[in-house]
Amino acid sequence: MSNRYETVFILTPVLSEDQTKEAVSKFKDLVKKGRGKIRHEESWGMRKLAYPIQKKSSGFYHLIEFESEPAFIEKLETEYRRDERVIRFLTVAMDKHHIAFAESRRGRGGNEEGAEARAPRKKKENVDN
């Protein structure tokens with residue numbers, strides 16, 4: 001039985017753009033070789049980390065949403081651990097609510113910030129009677 005998963009990994013900031021693309025393609029190919037099906041992919045680019053990891057304060061974030069067998073996740077995470085370019089990763093199984101939220105987020109443009117998709121808030125005026 002195939003489940004849907006979402007994985008986010010952070011690559012070290014010292015990589016060039018080509019090296020980053022090569023690392024991402026390595027993991028995408030691994031999912032495909034493991035008979036997985038990639039549903040969605042997002043590159044979040046260079047971001048500041050909440051706390052230093054391996055003496056680094058930033059990293060390249062990448063998200064891949066895919067379907068695969070549960071046994072494949074262990075193989076994927078083993079590859080994350082073996083690859084020196086990956087400084088952190090997280091893989092979660094998506095339930096129906098998570099899937100619905102992810103699809104609605106992509107439907108409105110996949111805007112991570114959300115600020116541009118919403119209208120600006122109006123300030124309440126202080127009315128004293």
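The values are calculated or read from the model by the stated rules, or taken from the named source; none is laboratory data. Quick caveat, the model's predicted, so the values are computed rather than measured. Counting neighbours? That spans all protein chains shown, and the Cβs are built from the backbone with ideal geometry, glycine included.
Taken over segment 30-64, the criterion of being basic (Lys, Arg) and either in a strand (DSSP E or B) or under 14 Å from PHE9 (Cβ atoms) (or both) is satisfied by LYS37, ARG39, ARG47, LYS48, LYS56.
Checked against (1) exposed (fewer than 13 other Cβ atoms within 10 Å of the Cβ); (2) modelled with pLDDT under 95, SER68 meets all criteria but (1).
Contact map, segment 13-38: residues that are in contact (Cβ under 8 Å) with a residue 40 or more places away in the chain paired with residues that are of a type in the set (Gly, Ala, Ser) and in a helix (DSSP H, G or I), Cβ distance under 8 Å, separation 6+ or inter-chain. Pairs shown: LEU15/ALA23. If you go through segment 1-20 and keep only what is surrounded by 14 or more Cβ atoms within 10 Å (Cβ to Cβ) and outside any strand (DSSP E or B), you end up with THR12, PRO13, LEU15, GLN19, THR20.
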